[in-house]
Amino acid sequence: MTGALLLLQAVADTTRAYGEFPVIGARGAVWVAAEVHLMFAAFVLGVPMFAVVAEAIGVVGKDQRYDRLAKEFTRLLLVAYSATAIWGAVLTFLLSTLYPRFWAYLTAVFGPSMWVYVGLFFFESFTLYLYYYGWERWKQGRSKVVHLGLGVLLNVWGTIVMLIANSWLTYMMTPPRDITPTTDPASIKLWHAIANATWMPINIHRLIANVVFGGAIVGAYASYRFLAAKSDEERAHYDWMGYVGNFIAISALIVLPFAGYWLGREIYQYDQSMGITMMGGFMSWLWVIQAFLIAVLFLAGNYYLWIGMGRIPGAERFRPYTKYLLAVLVLGAIVWGTPHTMIADARELAAMGGSHHPLLGALGVMSAKNTAVNLMILTTFLSFLMYRRANTRPVVPWARTGTWIQAGMFGVAALIVLFFGVKGYFVEAIVRIGYSVYQVGAVLACIVFVTTIDILMGRGAQSLGAIQWGKMPARSQYALFVLAVTFTWLMGLMGFARSGIRQHWHVWQLVQDTSKYAATPALGYAAKMISACVLIFLSLVAFVFWLGGLAEKSTFVPSSEKRDKEGSRVGH
Amino acid sequence: MWGTNLRIVLVVLGTLALYTLIANKIPQVQSEVPQTLALGLNVTADQLVAAGEKVYNGASAPALPIC
């Protein structure tokens, strides 16, 4: 046994550790392949969730619009799956030729899971084909339920694939502590490696993020079709589709920070130095950029809703409040984007009066940031609520009381968030971190209870007029494009954060990066790489959309055509 | 239609350019690979000063906790 290990070690030592790639280098090549693959993967995991939920709503509510919407989403998946697989293959080949020793280590640990992973592709692909091509055949009665089951199954396969891939990357970040650099990788138990400290938080975080991403891309698709629409009816259809995409993206975005907190907490618990590198070390500025991007998302999402209220009869009564909501969002964004300690030279420090700016010192800490983001979430939820209630007037006898209770819940939630935000300044960091749980809990409770009351209160509500779908200015559609680009860019940025906190380690404190690219680059370089990846991804997605339109007509059916068809059926 | 396509392309490129610009305007800090520091018994004050400078200016030094 010892002889075999020595032989293995000797072979490993003679294997070249790194390859070279022209122009952008080995790191750049793997970066682009991994990131574009991941973007497509997020798309093909997020959109099926979206599609199956839309189909289910169509079945339960007997609304054909949702069924057509679900089919149109699924059509986009066919080519996107191929693109995902192609980029996955590119990544695998690049890793095995440019980082052969590291790749050998990873395959030694995770080999069997890689076989399962690739095997699941068959199930996933063929389930997708059945799901899409069987749409018209299994449209009625019990067969529709079976079809819906295929959609659920597609999501199950996709989620398992994601869980497996997540185990590889999280092992690189947080390998179990009992594994040392001298541990033979082939001796590591597979489940032990899979169930590492950050595996589950990343699973949850990515699951939610994929829904956000899918919604944003579908929103961008709908907005393009809206802008290209040739009739009011077609415009109305894609306006509605864009709204649904934006609604799902922003709804899921609201809960995403909570999953992020959990992930951050696990990273700190696993290795405090890694947590400090992430939040306070060379990556501290990354969070300022992240805050800016999230501010753009909140502002663009709310802006789209506020403009959308222009096409809802009865929304006028809520319009005066939007300026206050805007003020809260802008103030929240400013606080969230405030750095704690500036990296400055001696002259700048003297001008500032020390390493902590008088204002930045107070607003740059997590107490202020958590308070700001929770108030921004509450504000966005209020925008949704106004949008939802815009064209209805509740008629239940307790409507007035219910509205006051809802207002009270908003008030109490905001007070709890503020109270713990302020109290956080007077306690130790370890206590302060715990306060964020109370803040999050208050906001979530408010969202759940206010929504429940709203649903009950909306029963039999008086309609103030139908939503005039399609009557949206073009600028609202560009807001959806900004949302899609920003979500994609943010995903690239957070991928850099997750990967970058390993610094000069392929696998944290187990396998060191000894290549010439071992140093983790600064944000400027990372931003150029992220923008290039986003551009490649969006260009390919545009091509996928164009291809989808080329192969088949839109699922949008003009009412005149429907009438003709019905007429011809009657005639026969 | 070409006008719409062009506007969309400009919105996408403009958004990407803005984010890239902002990320390049903030202080650029790279995380260097730590070098082994070998100081023997006969180390001089100058060597210690040089080593201290290196540690102080290194990427691991500016730990800026924001919690």
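Only the coordinates and a few stated rules stand behind these numbers; no lab work does. As the structure is a computational prediction, the values presented were derived from the model and not from experiment. Counting neighbours? That spans all protein chains shown, and the Cβs are built from the backbone with ideal geometry, glycine included.
For the reader, a short list of remarks on this structure follows.
- Amide H contacts of A:Thr392 (H built 1.01 Å from N, under 5 Å, at least 5 apart or other chain): A:Leu464
- Within-14-Å neighbourhood charge of A:Leu510 [Cβ basis; K, R +1; D, E -1]: -1
- Put in line by how crowded their Cβ is, counting other Cβ atoms within 10 Å and starting with the fewest, A:Glu35, A:Glu20 read A:Glu20, A:Glu35.
- Sorting A:Phe102, A:Phe121 from the fewest to the most surrounding beta carbons within 10 angstrom yields A:Phe121, A:Phe102.
- Between B:Ser31 and A:Thr520, the built amide H atoms are under 5 Å apart, and every one of these is 5 or more places off in sequence or on another chain.
- The residues packed around A:Gln272, meaning those with a beta-carbon under 14 Å from its beta-carbon, carry a net charge of 0 if Lys and Arg are +1 and Asp and Glu are -1.
- Over the residues of the protein assembly as shown, the helix contribution to mean residue ellipticity at 222 nm works out to -25500 deg cm²/dmol, using -39500 (n - 2.57) for each DSSP H run of at least 4.
- All Cα-Cα distances of the range A:313-466, cut into 5 Å bins from zero to the largest, leave 2, 9, 14, 17, 15, 12, 10, 7, 6, 4, 2, 2, 1, 0 percent in each bin in turn.
- Scanning residues 5 or more positions from A:Val511 or on other chains, those with amide H under 5 Å from its amide H are A:His506, with H placed 1.01 Å from N in the peptide plane.
- Computed 3J(HN,Hα) for the range B:10-22, one whole-Hz value per residue from the Karplus formula 6.51 cos²θ - 1.76 cosθ + 1.60 where θ = phi - 60°, is 5, 4, 5, 5, x, 5, 4, 4, 4, 5, 5, 5, 4, glycine and proline marked x.
- With K and R counted +1 and D and E -1, the other residues having a Cβ less than 13 Å from that of A:Met283 yield a net charge of +2.
- Between A:Thr451 and A:Asp63, the C-beta separation translates, for a Förster distance of 22 Å, into a calculated FRET efficiency of about 0.60.
- Net length gained if the chain between A:Trp191 and A:Val116 were fully extended (0.36 nm per residue, minus Cα distance): 25.6 nm
- Hz values of 3J(HN,Hα) by residue in the range A:503-513 - Karplus curve (6.51, -1.76, 1.60), Gly and Pro given as x: 6, 8, 10, 6, 10, 3, 6, 10, 10, 7, 7
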